[in-house]
Ligand code: SAM
């Protein structure tokens, strides 16, 4: 691996903070990620934010095909040259914004599911995760690198400050585990904090299945929208089109104290509340 600093200098490019460009500069970390990800020769990988190819190249050597999305055209041109030099022909570079791609439609997975890999740009990590959850029918698992503080929020359990909307959404539809930690010094330019690689295995069926998943996710969003307030107040003062009396009835009849806060609810309780809200709504309308 040529050092990112040297490569960028040779091409007259500069890391763009706005695009979260902290490039992996330690090839041993890339190798660790690829081996712990247990990729197979028949796998189809969708890589988000390929950058200079620190992960793209070792992944392409291990799998059948890589779809590598990179928004920065200058970086994508550099990556194409690096791939040619590596004699790899199984990588398709997509010079696009990942947030605008319909993953299910654009990736040919030979009828199977894809594996998503990425050292994600920090500023759009949440949006990308929400998108992956929505597209999970076509995704087997995702191996993603995040800044440590963000990773803590994803793996947090109920009762703590880190537990939030994404922790609950991921717990609802996946098994999640840490693969490895990566120190800040392994990147160029060096970020402020360390990173962590996480594997998200999407479940075929959630353990606690909500009647209406989109509604469940909007209840979770509303509850954490005002996380310092009680659930009753947070939900009543949200964009949910449900009146406060109905919210109170649903909370009480699902056995959830209305004075609790969102961060204390388990996934099972969120599902029970969301289903109950739908039922009570229906009863009150009819
Ligand atoms: N994978 C490379 C590595 O590990 O060295 C680069 C990782 S860097 C943290 C994130 C990369 O994502 C950058 O190359 C950046 O240009 C790209 N990127 C940022 N926002 C993007 C977006 N919305 N869609 C696609 N790529 C994006």
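Here the sum of -39500 (n - 2.57) over DSSP H runs of 4 or more residues, divided by the residues of the chain, equals -12000 deg cm²/dmol at 222 nm, to the nearest 500. Annotation for residue 102 and residue 175: the two label points, set 7 Å from Cα along the Cα-Cβ direction, are 3.3 nm apart. Subtracting the Cα-Cα distance of residue 87 and residue 237 from their residue separation scaled by 0.36 nm leaves 48.3 nm. Residue separation of residue 259 and residue 42 scaled by 0.36 nm, minus their Cα-Cα distance, works out to 73.0 nm of gained length.
Remark: the residue 149-residue 248 segment gains 32.2 nm on full extension, using 0.36 nm per residue and subtracting the alpha carbon distance. Expressed as an acute angle from 0 to 90° and rounded to the nearest 10, what is the orientation of the C-alpha long axis of helix 27-36 relative to the principal long axis of the chain? Roughly 50 degrees, rounded to the nearest 10. The long axis of helix 213-225 is offset from the longest Cα principal axis of the chain by roughly 90 degrees.
Once both labels are positioned 7 Å from their Cα atoms along Cα-to-Cβ, the gap between residue 137 and residue 201 label points is 2.3 nm.
For the chain, find the longest principal axis of its Cα atoms and tell me its angle to the long axis of helix 244-253, 0 to 90°, nearest 10. With both axes taken from Cα atoms, the answer is about 90 degrees.
Shown for 126, 35: other C-beta atoms within 10 Å of each C-beta, ranked fewest to most, produce the order 35, 126.
With both residues required to sit in the chain, DSSP beta bridges show an antiparallel share near 45%.
Only the coordinates and a few stated rules stand behind these numbers; no lab work does. Not measured: the values here are computed from a predicted model. Note that each Cβ is placed from the backbone with ideal geometry, even for glycine, and that neighbours are counted across all protein chains shown.
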